[in-house]
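Read-outs throughout are calculated quantities, based only on the coordinates presented, and are distinct from any laboratory measurement. As the structure is a computational prediction, the values presented were derived from the model and not from experiment. Here the Cβ is made from the backbone with ideal geometry for all residues, glycine too, and neighbour counts use every protein chain on show.
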Amino acid sequence: MRLVVIVGSTRQGRFGPTVAAWFAGHARGRADLTVEVVDLAEGEPDGGTLTAADMFVVVTPEYNHSFPGPLKSAIDRHVTPWQAKPVGFVSYGGISGGLRAVEHLRQVFAELHAVTVRETVSFVWAPGRFDAGGSPIDPGPCGAAADRLLDQLAWWGRALAAARLAHPYGANVA
Ligand SMILES: Cc1cc2nc3c(=O)[nH]c(=O)nc-3n(C[C@H](O)[C@H](O)[C@H](O)COP(=O)(O)O)c2cc1C
């Protein structure tokens, strides 16, 4: 199954790529997934990439209790590529660990007929949680959280891929 990891922060000096690279590397350790990273700082993803995906993970910081504007633009640009697919979140921020951004994203993805999974990976004060080489200083807890997220995502990914095949989504939905 194809997982697309979306790097949601685009600002100069951002920390997002470090978090995304760690998560993508972790996901690449699974035999059931192929992983592609889409960095919004390099432009919005094309519809073909998103359509080919079976599942998504959005790596998002929290800015003023929500997620970045460019991420919203990228999500809004597409409709059908999100439908009937699971979306997970890896978040980071200051004291919030990005969790308020994640809760806002759940509302957005519900409108797009996507299924958000419960488990998240969250980093409070993220830059302090990684060493100079980009590895988590304490890899155990975040690795375990990533495994739980990926297990749920894979379950939904398989279930929804089979369902889309049996019953193409969209014909009878608004
Ligand atoms: C404009 C702005 C607003 C922020 N607002 C919050 C916030 O509401 N809650 C929080 O926990 N952290 C907040 N932060 C901290 C960021 O989430 C944190 O610095 C994160 O690493 C930013 O991600 P980035 O470096 O990938 O852009 C804010 C940072 C910026 C730049």
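Would segment 35-49 turn up any residue that is of a type outside the set (A, V, I, L, M), touching a strand residue (DSSP E or B) at 6+ places or on another chain (Cβ under 6 Å) and not in a loop (DSSP other than H, G, I, E, B)? Steps first, please.
Taking segment 35-49 and keeping what is of a type outside the set (A, V, I, L, M), we get 36, 39, 42-49.
After this cut, where a residue has to be touching a strand residue (DSSP E or B) at 6+ places or on another chain (Cβ under 6 Å) as well, the list is 36, 39, 45.
Still in the list and also not in a loop (DSSP other than H, G, I, E, B): 36, 39.
The answer is yes; a qualifying residue exists.
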Original post:
Of the residues that make up segment 52-65, is at least one acidic (Asp, Glu), under 12 Å from the mean Cα position of the chain (by Cα) and farther than 19 Å from residue 153 by Cα?
Top reply: no
**OP:** Enumerate the pairs (first residue in segment 60-77 and surrounded by fewer than 16 Cβ atoms within 10 Å (Cβ to Cβ); second residue anywhere and in a loop (DSSP other than H, G, I, E, B)) with beta-carbon separation below 6 Å, excluding pairs fewer than 6 apart on the same chain, so at least 6 apart or on different chains.
**Re:** 70/10; 77/44
Subject >> Selection within segment 1-26 - more than 9 Å from the ligand (Cβ to nearest atom), assigned to a helix (DSSP H, G or I) and not aliphatic (A, V, I, L, M) >> reply: 22, 23, 25, 26
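Which residues, counting only those in segment 60-100, are part of a strand (DSSP E or B) and either within 16 Å of the ligand (Cβ to nearest atom) or polar (S, T, N, Q) (or both)? Explain how you work it out, then say what you get.
Step one: of segment 60-100, the residues part of a strand (DSSP E or B) are 60-61, 63, 66, 86-93.
Scanning segment 60-100 gives 60, 61, 63, 66, 89, 90, 91, 92, 93.
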